[in-house]
1. Have a look at V19, V72 and point out the one that is open to solvent by less than 60 Å² (accessible area, probe 1.4 Å), touching an Asp or Glu at 6+ places or on another chain (Cβ under 6 Å), in contact (Cβ under 8 Å) with a residue 60 or more places away in the chain and not acidic (D, E).
2. Among L214, L189, L132, which is touching a Ser or Thr at 6+ places or on another chain (Cβ under 9 Å) and open to solvent by 40 Å² or more (accessible area, probe 1.4 Å)?
3. With respect to the numbered conditions (1) surrounded by 16 or more Cβ atoms within 10 Å (Cβ to Cβ); (2) under 16 Å from the mean Cα position of the chain (by Cα); (3) of a type in the set (K, R), which one is the sole condition not fulfilled by R64?
4. Return the residues of the stretch 80-126 that are farther than 17 Å from D176 by Cα and under 15 Å from the mean Cα position of the chain (by Cα); say none if nothing qualifies.
5. Is the stretch 163-171 home to any residue that is touching a His at 6+ places or on another chain (Cβ under 7 Å), over 17 Å from Q78 (Cβ atoms), of a type in the set (G, A, S) and not in a helix (DSSP H, G or I)?
6. Tell me yes or no: at least one residue of the stretch 188-209 is among the aromatic types (F, W, Y) and within 14 Å of the chain's Cα centre (by Cα).
Amino acid sequence: MSSLPPNTTQGAAQIREAVEQILALTDLPRIVQAGHPALRQRAAAYDGQLDDQQLAQLLDVMRRVMHDAPGVGLAAPQLGIPLQLAVLEDQYDVDPEVAVIRHREPLEYLAIINPRYAPVGGTQAAFYEGCLSLDGLQAVVARPDAVILDFTDPAGNAQQREFSGWQARIVQHETDHLHGVLYIDRAQLRSLASNVEYANHWAGPGIDSAQAGLGFDAGPAGISLP
């Protein structure tokens, strides 16, 4: 078993300075890529490192970066900020067959702080998954099909919500980011494909053809992590 990701080495003052630098930019900040330390360390729990205005501005920047990418979620470590903050939103038009097979329904914008998820039931779903911090790649990840998410909203209120299907996948992917976990840690690595090869060969609603053609199973894989 691999060791658990280390905690961030950045303190509150360093985190606040990094956020202030991002907020001072005239253009959108770049999304950091695999190899950046913020992606491989446990982000600091949010406990007031930013004032209310800075928090609101950072979440707004994160949402705009997510839309510009485009993506359905973005975690603060993807901007190099080791704080447990993420934004989620899925309003894309999806082929009806794909939506049915992947149980993909629209997800209204949601900002989550210090999230934790727990599986509901024992059902797993395996589909191709990508990440804005591993640009150009996709791999199959088996994840719980439903989860309970405990989090704090930007107003400071404790929340608990249940998510299923593709929404649950988004929730798990972004929460994992806050703990130094990338989707490839949980992926069937034989399924790994560039976006081009995925589009050319495996871009069906499900993963049956990829399983047969690339030789992998659809069960959980990768390291054991929370």
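1. Details: V19 fails: touching an Asp or Glu at 6+ places or on another chain (Cβ under 6 Å).
Unique residue meeting the criteria: V72.
2. L214
3. Going through the list (1) surrounded by 16 or more Cβ atoms within 10 Å (Cβ to Cβ); (2) under 16 Å from the mean Cα position of the chain (by Cα); (3) of a type in the set (K, R), R64 breaks only (1).
4. D90, L107, Y109
5. Taking the stretch 163-171 and keeping what is touching a His at 6+ places or on another chain (Cβ under 7 Å), we get 164-166.
Of the ones still in play, those that are also over 17 Å from Q78 (Cβ atoms) are 164-166.
Those still in the list that are of a type in the set (G, A, S) too: 164-165.
Next, only the ones that are not in a helix (DSSP H, G or I) stay: 164.
Yes, the stretch 163-171 has at least one match.
6. First pass over the stretch 188-209, keeping only residues among the aromatic types (F, W, Y): 198, 202.
Checking which are within 14 Å of the chain's Cα centre (by Cα) leaves us with none.
No, every residue in the stretch 188-209 fails to be among the aromatic types (F, W, Y) and within 14 Å of the chain's Cα centre (by Cα).
This table checks each residue for (1) touching a Pro at 6+ places or on another chain (Cβ under 6 Å); (2) farther than 15 Å from A111 by Cα; (3) modelled with pLDDT of 95 or more; (4) charged (D, E, K, R).
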position: L25; (1), (2), (3), (4): no, yes, yes, no
position: P29; (1), (2), (3), (4): no, yes, yes, no
position: A34; (1), (2), (3), (4): no, yes, yes, no
position: A38; (1), (2), (3), (4): yes, yes, yes, no
position: R42; (1), (2), (3), (4): yes, yes, yes, yes
position: D47; (1), (2), (3), (4): no, yes, yes, yes
position: Q57; (1), (2), (3), (4): no, no, yes, no
position: D60; (1), (2), (3), (4): no, no, yes, yes
position: R64; (1), (2), (3), (4): no, no, yes, yes
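For every residue, the table says whether it meets (1) closer than 18 Å to F163 by Cβ; (2) in contact with a helix residue (DSSP H, G or I) (Cβ under 6 Å, 6 or more places away or on another chain); (3) surrounded by 13 or more Cβ atoms within 10 Å (Cβ to Cβ); (4) without any contact (Cβ under 8 Å) to a residue 40 or more places away in the chain.
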position	(1), (2), (3), (4)
L4	no, no, yes, no
L39	no, yes, yes, no
Q57	no, yes, yes, yes
D68	no, no, no, no
Y92	yes, no, no, yes
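The values are calculated or read from the model by the stated rules, or taken from the named source; none is laboratory data. Model, not experiment: these values are computed from the prediction. Heads up, the Cβs are rebuilt from the backbone with ideal geometry, glycines too, and the neighbour counts pull from every protein chain shown. Just the protein is used for accessible areas: all its heavy atoms, side chains included, with ligands, DNA and RNA removed. Shrake-Rupley method; radii C 1.70, N 1.55, O 1.52, S 1.80 Å.
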